[in-house]
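Student: Take this structure, written in structure tokens, and hold onto it; I'll ask about it next.
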């Protein structure tokens with residue numbers, strides 16, 4: 001597994017999910033897809049797809065993780081299928097509010113029944129905004145923060161929203 005990225009907390013979050021039921025993972029807004037090696041380690045046989053509007057962001061780092069990278073707008077994802085896990089790390093809900101509100105509000109379309117959504121944010125304000133956008137039928141799963149490693153110096157993955165689609 002990749003080391004030195006400060007993602008121990010993220011790796012611990014992935015261990016909360018039943019690995020044998022995650023066959024496909026979508027990370028919209030993946031940027032350089034720094035989470036791909038951790039997703040691959042947690043779900044070795046899963047299809048990993050990262051989506052970002054910035055073709056330069058989805059560069060060489062992500063290609064090393066056997067992931068599919070797609071340049072697209074998260075408001076209009078180019079998929080017909082849904083995923084077992086949708087990961088959203090650090091959505092910029094202030095600068096790109098409409099994009100994230102559109103995507104998060106339509107997660108029912110992109111997440112399989114029985115699937116999971118994992119959202120991590122830097123601040124409680126971002127966390128609460130994302131939670132307000134989450135479809136009503138999603139079941140939020142409490143995450144015991146004390147059982148997780150501390151957030152890193154820049155507070156990546158500090159606030160966690162884990163939900164399941166009924």
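We did not get these values from a lab; they are worked out from the coordinates using the rules stated. These figures come from a predicted structure and were not determined experimentally. Because the Cβ atoms are built from the backbone with ideal geometry, glycine has one as well, and the counts that use them run over all protein chains shown.
Student: Quick one: what does P(r) look like for the range 66-150 with 10 Å bins over all Cα pairs, in whole %?
Tutor: All Cα pairs considered, the percentages come to 15, 49, 31, 5.
Student: Now, a different point. Going by how many other beta carbons lie within 10 Å of each one, how would you line up 165, 154, fewest first? Write out the running numbers ahead of the final one.
Tutor: Details: 165 20, 154 10.
Ranking 165, 154 by Cβ neighbours within 10 Å, fewest first, gives 154, 165.
Student: Then there's this: Counting only helical runs of four or more DSSP H residues, what would the 222 nm mean residue ellipticity of the chain come to if each run contributes -39,500 (n - 2.57) and the total is spread over all its residues?
Tutor: Values: 6 runs with 41 residues, N = 166.
Value at 222 nm, helices only, nearest 500: -6000 deg cm²/dmol.
Student: Return the Rg/Rh ratio of the chain with Cα-based radii and a Kirkwood Rh.
Tutor: Numbers: Rg = 14.4 Å, Rh = 15.8 Å.
Result for the chain is an Rg/Rh of 0.92.
Student: How high is the relative contact order of the chain? Use alpha-carbon pairs under 8 Å, at least six apart in sequence, and give a whole percent. Please list the in-between numbers first.
Tutor: Working: 306 pairs, mean separation 35.9, N = 166.
Across the chain, relative contact order equals 22 percent.
Student: What's the ranking of 136-143, 106-113 by average number of surrounding C-beta atoms within 10 Å, highest first? The partial results should precede the final answer.
Tutor: Details: 136-143: 11.9, 106-113: 16.9.
Going from most to least packed, we get 106-113, 136-143.
Student: Right, something else. Starting from 0.36 nm per residue, how many nanometres of slack lie between residue 128 and residue 16 once their C-alpha separation is accounted for? Intermediate values should be presented prior to the final figure.
Tutor: Details: separation 112, 0.36 × 112 = 40.32 nm, distance 2.14 nm.
Here the answer is 38.2 nm.
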